[in-house]
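Colleague: For reference, the structure I am asking about is given below.
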Amino acid sequence: MTAATRTLLAIGLLLAATCATADRFARIVEEGGEPTVTAGGYLVNQKRVAVQKELTQRPPTPGELGLTLPPGAKLQIEGTARQIAQYHPAWRVYEYRIEMSRAAFVEHFQKQGMSFDRSANNLKFGNGSGDFIDGFSGETMKSFRIWRKPQ
């Protein structure tokens with residue numbers, strides 16, 4: 001095996017490992033199973049159940065979110081699991097509850113390089129990916145969603 005072949009092989013393995021770790025939910029959603037009906041007649045989305053189990057065991061990391069959350073932000077596990085299952089494979093939507101002023105919320109994320117887009121009423125990531133945070137209403141933030149495209 002030549003040095004060039006080894007280098008290409010190493011790059012390929014590195015890229016495969018990066019893709020596999022960058023989006024842990026793809027396999028979970030795709031293998032989550034079809035909806036089932038309970039004895040009481042309720043429809044259970046098995047993809048949501050699988051994602052919810054994963055989120056319970058391992059909440060999103062700052063690396064997955066691409067940012068540091070403000071103090072007091074609480075992941076809404078069922079809502080997030082529902083959003084991830086619904087928007088797969090285009091988006092990963094992480095839903096949070098919080099109690100803080102809108103101004104402090106915006107400032108927290110602007111310090112991390114995000115920009116506030118008044119016309120869209122959201123915060124945009126500075127990486128050009130199209131990722132954003134929405135859920136702005138009123139002067140006090142009660143909830144927000146982080147929209148990230150899977151890597």
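The values are calculated or read from the model by the stated rules, or taken from the named source; none is laboratory data. Keep in mind that this is a model prediction, so the values were computed, not measured. Because the Cβ atoms are built from the backbone with ideal geometry, glycine has one as well, and the counts that use them run over all protein chains shown. Just the protein is used for accessible areas: all its heavy atoms, side chains included, with ligands, DNA and RNA removed. Shrake-Rupley method; radii C 1.70, N 1.55, O 1.52, S 1.80 Å.
Colleague: Per-residue ellipticity at 222 nm for the chain, helices alone: DSSP H runs ≥ 4 residues times -39500 (n - 2.57), over residue total, nearest 500 deg cm²/dmol? Write down the numbers at each step before the final one.
Modeller: On the way: 6 runs with 62 residues, N = 151.
Roughly -12000 deg cm²/dmol at 222 nm, from the helical runs in the chain.
Colleague: Accessible area, 1.4 Å probe, largest first: how do LEU67, LEU43 sort?
Modeller: Working: LEU67 10, LEU43 130 Å².
Most to least solvent-accessible, the answer reads LEU43, LEU67.
Colleague: Restricting attention to segment 87-151, which trypsin sites (Lys or Arg not before Pro) occupy a DSSP loop and are surrounded by at most 12 other Cβ atoms within 10 Å?
Modeller: Working: sites: ARG92, ARG97, ARG102, LYS111, ARG118, LYS124, LYS142, ARG145, ARG148; in loops: LYS111, ARG118.
Here the sparse-neighbourhood loop sites are LYS111, ARG118.
Colleague: May I pose another question? Could you grab the relative contact order for the chain? Cα pairs under 8 Å, six or more apart, rounded to a whole percent.
Modeller: Numbers: 211 pairs, mean separation 28.3, N = 151.
Relative contact order, the chain: 19 percent.
Colleague: Using a 1.4 angstrom probe on the protein heavy atoms only, line up SER129, SER137, SER119 by accessible area, largest first. Before the final figure, lay out the partial values.
Modeller: Details: SER129 40, SER137 80, SER119 115 Å².
I get SER119, SER137, SER129, largest accessible area first.
Colleague: Something else: Excluding residues on the same chain fewer than 8 positions from LYS53, give the lysines whose Cα lies under 28 Å from its Cα.
Modeller: Partners within reach: LYS74, LYS142, LYS149.
Colleague: Can you give me the solvent accessible area of ARG82 with a 1.4 Å probe, rounded to the nearest 10 Å²?
Modeller: We get 120 Å² for ARG82.
Colleague: If I compute Rg and Dmax of the Cα atoms in Å from the structure I just sent, which labelled value in [x] 16.3, 52; [y] 18.4, 63; [z] 27.5, 96 lines up?
Modeller: After the calculation, the listed value that fits is [y].
Colleague: Would you mind finding the longest exposed-site-free stretch of the chain, with exposed GluC sites (Glu not before Pro) meaning DSSP loop and at most 10 other Cβ atoms within 10 Å? Mind dumping the intermediate values first?
Modeller: Values: sites that count: GLU31, GLU139.
My reading of the result: 32-138 is the longest stretch.
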